[in-house]
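Engineer: One structure is given below, represented as structure tokens, and several questions about it will come after.
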Amino acid sequence: MTPARTTPILELMDLHAAYGGIEVLRGVDLVVPRGSVVALLGPNGAGKTTLLRAVSGHLRPTSGHVHLAGTHVNGASAEKLARAGLCTIPEGRATFPGLTVLENLRLVTYASVAGRDEVLERAFARFPRLAERRGQLAGTLSGGEQRMLAMARALGADPALLLLDEPSMGLAPLVVDELYEVIAQLSASGVAVLVVEQFAGRALGVAEYAAVMRGGRVVAMGEPADVQDELPGLYLGRGLERGTG
Amino acid sequence: MSALLGYTVLGLVMGAGYAVAASGLVLTYTTSRVFNVAHGAIGMVMAFCYWELSAGGLVPGGLPAWAAVLLVVGVIAPAFGLAVERIMMRRLTESPAGVSLVVTVGLLVALIGLAQTLWPPTARPVEPFFGAGGVRLGGVLVTYHDLLTIGVSLAVAAGLYLLLGRTRTGIAMRAVAVDRDLLALHGGRPRLLSSLSWAVGAALAALAGILLTPIVQLDYYELTLLVVAAYAAAVLGRLRSLPLTFAGAVVLGLLQSYAAGLRAAIPTLFLFAVLVFLPQVRLRSGGIRGIAAVPVPGPRRVAAAGLALVAAVGLASLLLPTVQVSRLALGLVYATVMLSLVLLTGYGGHVSLAQFTFVGVGAVTVAKLGGSPGWPSPLALLAGAAVAAAVGALVALPVLRLTGLYLALATLAFGQLMDKVVFQTAFGLGESLPVPRPREFAGEGAYAVFVAAVFVVMAAGLLALRRGRIGRMLVAMRDSPAACATLGLNQRGLRIGLFAASAGMAGLAGGLFGGLRGTIGAADFQVFKSLPLLLLAVVGGVTSVTGALLGGLVLMLLPILQSEVPALGGLVFLLVGIGAVSLGRDPGGAASHLFRAGRWARSLVVRPPAGPVEDSTDAPDSRVETEGMSLRATP
Amino acid sequence: MTSEAITIANASDISGPQPGIFESAQQAVEAYVAYANSQGGVCGRKLNLIGYDSRTDAGGDQQATTQACERAFALVGSMAAFDSGGARTAQSCGIPDLRAAAVTPGRQDSRVTYGTNSTKVNLFAAAVPDYFRSRFGGATKKAAFLYLNAGTAAINGRSIMRAHEQRGFTWIYKQAVDVTDFNYAPYVVEMKQQGIRFVEFMGTHQHAVRLAKAMRQQGFRPDAFVLDPTSYDERYVRTGGSAVDGTYVFINSALFEEASSNREMRLYLSWLNKVAPGATPTWFGLFAWSAAKLFVRLAGEIGADLTREKLLAKVRGVHAWTADGLHAPHDVGAKRTSPCVAFIQLRNGKWVRRAPARGWTCGALLNSGIGG
């Protein structure tokens, strides 16, 4: 696999990060080419969420480099990155339960180039169910609807890079289907996506590249087909480790 | 009929005043999850600033009223709110309600001290705006100032409603209290929004203070405490609905106007009723952020330390002059009261704003029983504890389902009710009751040793409780009531028992207090005295006996310090307030610092502390130039 | 106490929620001590004064009294709002306690405590209601009494109400006002409704101002608005402005305004200014000065063989003490309220004497039966 010739939208170089005294990322190298979909896989505790937090600006790396569109951004604040075109949808609760659907969507305009009306239009066009429930508190929506609302941010904000943390967690298969359709649609419109999943199947179906993390490092990277064979071994600890030892 | 109209009009005016105060309170709560007990105090300081600018010496000739108002409400108050947010409130959003309450109480105390220092007491008359003219409605003169107050309150309510409900900034302000990080991911600026909400909140407090001053006149306490009536209105609005808050304030004003006889008790009754009867909003209680456990010493350590303390007190009583011995005894009595807070707040996690009321119940019981032949003094002390415990259990019943902030407010309401209704009758008017001491310990020195001994026994009992099954259950209940429910723990029984035990301990201390003083009066147990008690309990350390001892001694020393170093004056309050603010974030308080120092001194290898997540949301991005940066590929 | 000096103490409220409320009492005693020492002291013995702060708190009063017991011969001119705190301490150590006034019944009852402004809760000068009845006639049948519902103000209020009734007053409207109450307009409206023509208020001057302003605002002008001497205070005048014009006060002391014709008043004012330049003289301070004067007078009469018990015995024999015309005659020894009063009115920001032309009107002493 060779990286695209244009500047990758995201490049991580020997990234280290820790919570207090406990190091979680132990030298991560990762490249996300512009406009591509990269699936980030790995078992629990590998550091996937931590990696997303480091990229999105919520965790300052202890060493190494984070380059977004070629700019070194270690330590940049999350809000600046969000406004610059980075959209992060964290795992678990990604909406404000005490605000209505409309109010949640209003907040999208902080990061979007589009105005409020257009954001609403896009969201409601793609998710008619949200339109029906526009005055309802987000916390009273079903799990799937809440995730749709969160994804509506990606639709509205026109990001250059979308970070998704376990988007399919806890959702019914049909909903997951819809979700991945949206991801595909976004990718088709030029948005780069880094999607973290514990259960590889769906993600690999839509990804152009896949990376596998274990023990705080990326231990394999390549096209889905290549990586898929090695996955069980990588998850369970057997197999070669690539990258720095 | 015209009388009714007259009262209605007056009630509306009063309600308008409460509404402005309550709106600001609701604003800061919705946008920061901090119930700002010091809201009224901010208004008070700003009212003094207004006076300083318009009639004080600062500006020769004085600024015209409109200019002074604009300057204070538009510039000084917001700047002050920004400073408060920056220094104190930033991290409080995630703290448990108890900690944020204590910090704002600390701010209240600090502000009173500040006002007393900057504006020493003297006559400062304040006239209403537009002089004495007004409009006649229903036989009552409503001054233009009153009309202005009503108008302002409507405007404020409407403005806030629009701000919080319709504008993106307002929506983001509500979001930032719920999940700062998520808002940052949206591209909102949490820091800016927090600052904005406190700035606007302070401006509203200033507005309320300035509008109410011509009626109340400039006074450190009156304006500060006025807001307590507004709490009831704010709680009626569930601390988030502005229309309901406004309605609540109006109803409160009307009730006060119609029922002049019950005037004093109405805000309290209202608050209590609202808290008990309205369905409680599921408040986000905020996670308990790793309260570092304070080591619980074993029985032998406790016995040794206890004996040492009693011996030390005995020695002191022989060497020191009488007045110092009395003071030491008072400090120990306060420490005993603080033990009750260790149980309730430290172990149980509940904040009580009326602990001194239970002290009063115990003291009054001992006073009434004392001297009667059937009740030798030690027995009377226990009786005082029992009565206080019973009252504590009674109070716990209606408020069983309340937690955190609402529970604290309920204790406040209870304390006020006791003040105005029960204590007044118990003491008669202006009377004081004599309280006997145990005959064996009648002398000052002997009594001090007696108090020390009681303190040690209670502390030992408390620590034994902590070490045992009940202690573990209490801590479990504090950390996660939900988990306890799944375990089948009898939480109701445990909670009632907790309140009763804590009240009983305070009541026992009350008997000691009465005996030390010889006579007690209604003024000794006012709700207002419970605030410094709570404050210093937290500053000293509400999770440990050592903390209680520290807190008790400092509480006793404070007024002495304030009196003997008059230059310090209000600064003493200020320092206590600041101390509470900085130490209040760590419920372990000063004592835990001591423990930590001790542990560090003993250890050779310092383990890397596993602290909370390093969070770069608030870090200045000085190193990265992200201005104008965009990841989006330029076409 | 030595052969060269006598140490006395003063325990007054200096710090507290209202800093400095009775500081004037301590300053007055300082002033008298300076004056007395300039005149040779007490039988050639110098007077030393130790000032204590009772901190507007019963506990503070107890601590101050404890200290005074050990370090001073007598307590002179003290003034504390919660003086019940030190009552038992003073009594058990036997220190003569010659106060400006004893505020709480607990302190008033103490064997060792006397006040130059001797008042007993249940005793009241009949001259007060008599004067107002003679001046305002029928208005006293449509009278309103409001009082602060806190501590001694409440019990004093009730007693005074009853005493007035004994002399023919009819209180149509009675209202206890809570300390935290700030809006008096409904009370004023009620009074207007009931056709009240005479209003009397018992409470601090700060609260009196509120009532006066509320009355002015609502356009309610009773024939008379009457306050007790605690409102004879320049802060009442300054804060009240035009709203308090016309207020009546019954007073048992001379006026600061009459210093030119009152030698003792001149002494008080001038020596106060010497020890505390710029300090404001107050009605409390006046009685504290009087207490110090009484102490020095009695100690001088006893002579070299001065003991606490002898002093107390002497005090018990004092029945008509005026501090050389500084105030009305007070039965200090028997602790009885003075039956003599004068009446003043605030006119254009100045206190003006209304009756009698000079001195005080003395009458009977009423026993209200409340608080006795």
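Engineer: Report the trypsin sites (Lys or Arg not before Pro) located in the stretch A:81-174 that are in a DSSP loop and have at most 16 other Cβ atoms inside 10 Å of their Cβ, or state none.
Structural biologist: Numbers: sites: A:Arg83, A:Arg93, A:Arg106, A:Arg116, A:Arg122, A:Arg126, A:Arg129, A:Arg133, A:Arg134, A:Arg147, A:Arg153; in loops: A:Arg93, A:Arg133, A:Arg134.
Answer in residue order: A:Arg93, A:Arg134.
Engineer: Ordered by residue, what ³J(HN,Hα) values in Hz, to whole numbers, does the stretch C:261-275 give under the Karplus form 6.51 cos²θ - 1.76 cosθ + 1.60, where θ = phi - 60° and Gly and Pro are x?
Structural biologist: These are the phi-based 3J(HN,Hα) values: 10, 9, 5, 5, 4, 4, 4, 4, 5, 6, 6, 4, 5, 6, 7 Hz.
Engineer: Which of C:Ser134, C:Ser84, C:Ser12 ends up with the largest GNM mean-square fluctuation for chain C, with Cα atoms connected below 10 Å?
Structural biologist: Highest fluctuation of the listed residues: C:Ser134.
Engineer: Another question about this same structure. Just to confirm the number: angle between the C-alpha axis of helix A:116-126 and the first principal axis of chain A, 0 to 90 degrees, nearest 10?
Structural biologist: 80 degrees
Engineer: For chain C, state the average projected area of the convex hull of the C-alpha atoms over all orientations, rounded to one decimal in nm².
Structural biologist: Its average projected convex-hull area is 16.7 nm².
Engineer: Separate question: Considering just Cα atoms, how many Å³ per residue does the convex hull of chain A enclose?
Structural biologist: Dividing the Cα hull volume of chain A by its residues yields 122 Å³.
Engineer: With label points built 7 Å along Cα→Cβ from the Cα atoms of B:Ala83 and C:Thr280, find their separation and express it in nm.
Structural biologist: Placing both labels 7 Å along Cα→Cβ, they lie 2.9 nm apart.
Engineer: Once you put a point 7 Å from the Cα of C:Asn348 and another 7 Å from the Cα of B:Leu487, both along the Cβ direction, what distance in nm separates them?
Structural biologist: In this crude spin-label approximation the distance works out to 8.1 nm.
Engineer: Angle, helix C:23-38 long axis vs. longest principal axis of chain C, Cα atoms, 0 to 90°, nearest 10?
Structural biologist: 40 degrees
Engineer: Still on this structure, I have one more. Can you compute 3J(HN,Hα) from phi for each residue in the stretch B:162-178, using the Karplus curve 6.51 cos²θ - 1.76 cosθ + 1.60 with θ = phi - 60°, rounded to whole Hz and x for Gly and Pro?
Structural biologist: Each residue of the stretch B:162-178 in turn: 5, 4, 6, x, 10, 8, 5, 4, x, 4, 5, 4, 5, 5, 5, 6, 7 Hz.
Engineer: Can you find, among A:Gly143, A:Leu105, A:Leu130, the residue sitting farthest towards the positive end of the charge dipole of the stretch A:95-158, where Lys and Arg contribute +1 and Asp and Glu -1 at Cβ?
Structural biologist: A:Gly143
Engineer: For the stretch A:95-158, taking Cα atoms only, what is the radius of gyration to one decimal and the Dmax to the nearest whole Å?
Structural biologist: 10.2, 29
Engineer: Which cysteines in chain C lack any other cysteine whose Cβ sits under 4.7 Å from their own Cβ?
Structural biologist: For chain C, the answer is C:Cys43, because their Cβ atoms have no other cysteine Cβ under 4.7 Å.
Engineer: Could I ask something else about it? For the stretch B:205-211, what does the Karplus curve 6.51 cos²θ - 1.76 cosθ + 1.60, with θ = phi - 60°, yield as ³J(HN,Hα) per residue in whole Hz, taken in order and with x for Gly and Pro?
Structural biologist: Those phi angles translate into 4, 4, 4, 4, x, 5, 5 Hz.
Engineer: Per the Kirkwood treatment, what hydrodynamic radius in Å, one decimal, follows for the stretch B:453-535 from the mean inverse distance over all distinct Cα pairs?
Structural biologist: Numbers: mean 1/r = 0.0662 Å⁻¹.
Across the stretch B:453-535, the inverse of the average 1/r is 15.1 Å.
Engineer: Within straight cross-link reach of C:Lys335, meaning Cα distance under 23 Å, which lysines are found once same-chain residues fewer than 8 apart are removed?
Structural biologist: In chain and number order, the partners are C:Lys120, C:Lys293, C:Lys310, C:Lys314.
Engineer: Suppose R0 equals 56 Å. What FRET efficiency, 1/(1 + (r/R0)^6) with r the Cβ-Cβ distance, do A:Ala114 and B:Trp66 give to the nearest 0.05? Mind dumping the intermediate values first?
Structural biologist: Working: r = 43 Å, r/R0 = 0.77.
The calculated FRET efficiency here is 0.85.
Engineer: How large is the Kirkwood hydrodynamic radius of the protein assembly as shown, in angstrom, based on all distinct alpha carbon pairs? Spell out each step's value before the answer.
Structural biologist: Working: mean 1/r = 0.0294 Å⁻¹.
One decimal place: 34.0 Å for the Kirkwood radius.
Engineer: If the cut-off is a Cα-Cα distance under 24 Å, which lysines reach A:Lys48, setting aside same-chain residues fewer than 8 apart in sequence?
Structural biologist: A:Lys80
Engineer: Would you calculate, for the protein assembly as shown, the mean residue ellipticity at 222 nm contributed by helices, counting each DSSP H stretch of 4 or more residues as -39,500 (n - 2.57) and dividing by all residues, to the nearest 500?
Structural biologist: -16500 deg cm²/dmol
Engineer: Please find, in a Gaussian network model of chain A (springs between Cα atoms separated by less than 10 Å), the residue of A:Leu99, A:Leu40, A:Leu30 whose mean-square fluctuation is greatest.
Structural biologist: A:Leu99
Engineer: Take chain A, connect every pair of alpha-carbon atoms lying under 10 Å apart with a spring to form a Gaussian network, then pick out the residue of A:Ala82, A:Ala152, A:Ala188 with the largest mean-square fluctuation.
Structural biologist: Most flexible of the set in this elastic network: A:Ala188.
Engineer: Across the residues of B:433-443, average count of Cβ atoms on other protein chains within 10 Å?
Structural biologist: Per residue, the average neighbour count from other chains is 1.
Engineer: If you build the convex hull over the alpha carbons only and average its shadow over all orientations, what do you get for the stretch C:232-372? Give it in nm² to one decimal.
Structural biologist: 10.9 nm²
Engineer: Would you mind computing, in nm to one decimal, how far apart the modelled labels at C:Gln39 and C:Thr2 are, each placed 7 Å from Cα along Cα→Cβ?
Structural biologist: It is 2.5 nm.
Engineer: So if I restrict to the alpha-carbon atoms in the stretch B:299-525, what is the Rg, and what is Dmax, the biggest pairwise distance, in Å?
Structural biologist: Radius of gyration, then largest Cα-Cα span, for the stretch B:299-525: 18.0, 58 Å.
Engineer: If you don't mind, there's one more thing I want to ask. Within 10 Å of each Cβ in peptide A:79-91, how many partner chain Cβ atoms are there on average? Round it to a whole number, please. Please list the in-between numbers first.
Structural biologist: Working: counts 13, 8, 8, 7, 7, 8, 6, 4, 4, 5, 2, 4, 0.
The per-residue average across the peptide is 6.
Read-outs: derived from the displayed coordinates by stated rules, not from any lab. Keep in mind that this is a model prediction, so the values were computed, not measured. Please note: Cβ atoms are built from the backbone with ideal geometry, for glycine as well, and neighbour counts cover all protein chains shown.
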